[in-house]
Amino acid sequence: MLAYEEKYFKIILVDENVQFRNVLASRLRMMGFHVEFASGGFHLLHTLEKHWDFNLIIMHENMDDMPAEEMIQLVRIHKNKTELPILFISANASEEEICEMVLNGANEFIVQPKNPQPIVDRARKYFTLLKNS
């Protein structure tokens, strides 16, 4: 039995690294979450134009087609931090980047772990917040 059977919790995972994206998506799906992919900023925005029913965006740092800062700002035009949380993942742990991403609209910043478990734990946190609201 899955720990979280509610399929209505939809996550969109934005990452160009196919291997990491697939590993993370597999772990999230094992928890019972519905996961879709976006390979870049334009793909994310195109998907969101059609389907605003996502509950969480997990976004890796800059894509080849668009800086993360711009992606976050464009999402925030339509949905605030409560309506659509953004978990930003970066290999860079500089205080400047962390502050910049949070000020631009990311809910949380996480330094990319080798193991996806911290990201899965954050997804569970947002699921629990939604479930209890």
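FYI, it's all coordinate maths here, none of it is from the lab. What you see is a predicted model; the values in this text were computed from it and never measured. Cβ atoms come from the backbone with ideal geometry, glycine included; neighbour counts cover every protein chain shown.
Exposure proxy shown here: for Ser133, Ser90, the number of other Cβ atoms within 10 Å sets the order, fewest to most, as Ser133, Ser90. The C-alpha atoms of the chain define a longest principal axis, and helix 95-104 lies at about 70 degrees to it. Each of Phe109, Phe42, Phe88 has some number of other Cβ atoms within 10 Å of its Cβ, and from fewest to most they run Phe42, Phe109, Phe88.
Using a simple spin-label model with pseudo-atoms 7 Å out from Cα toward Cβ, Ala93 and Leu45 lie 3.3 nm apart. Normalised by the number of residues in the chain, the mean separation of alpha-carbon contacts (under 8 Å, six or more apart) gives a relative contact order of 22 percent. On the basis of the beta-carbon distance and an R0 of 22 Å, Asn22 and Asn62 show a calculated FRET efficiency of 0.65. Taking a straight Cα-Cα cut-off under 29 Å and skipping sequence neighbours fewer than 8 places away in the same chain, the lysines within cross-link reach of Lys79 are Lys7, Lys10, Lys50, Lys125, Lys131. By the count of neighbouring beta-carbon atoms within 10 Å, fewest first, Tyr8, Tyr126 end up ordered Tyr8, Tyr126. In degrees from 0 to 90, rounded to the nearest 10, what is the angle of the helix 117-132 Cα long axis to the longest principal axis of the chain? On a 0 to 90 degree scale, this one is about 70.
Only alpha carbons enter this Debye calculation for the chain, each as an equal point scatterer, and the log10 of I(q)/I(0) it gives at q = 0.11, 0.14, 0.18 Å⁻¹ is -0.34, -0.56, -0.97.
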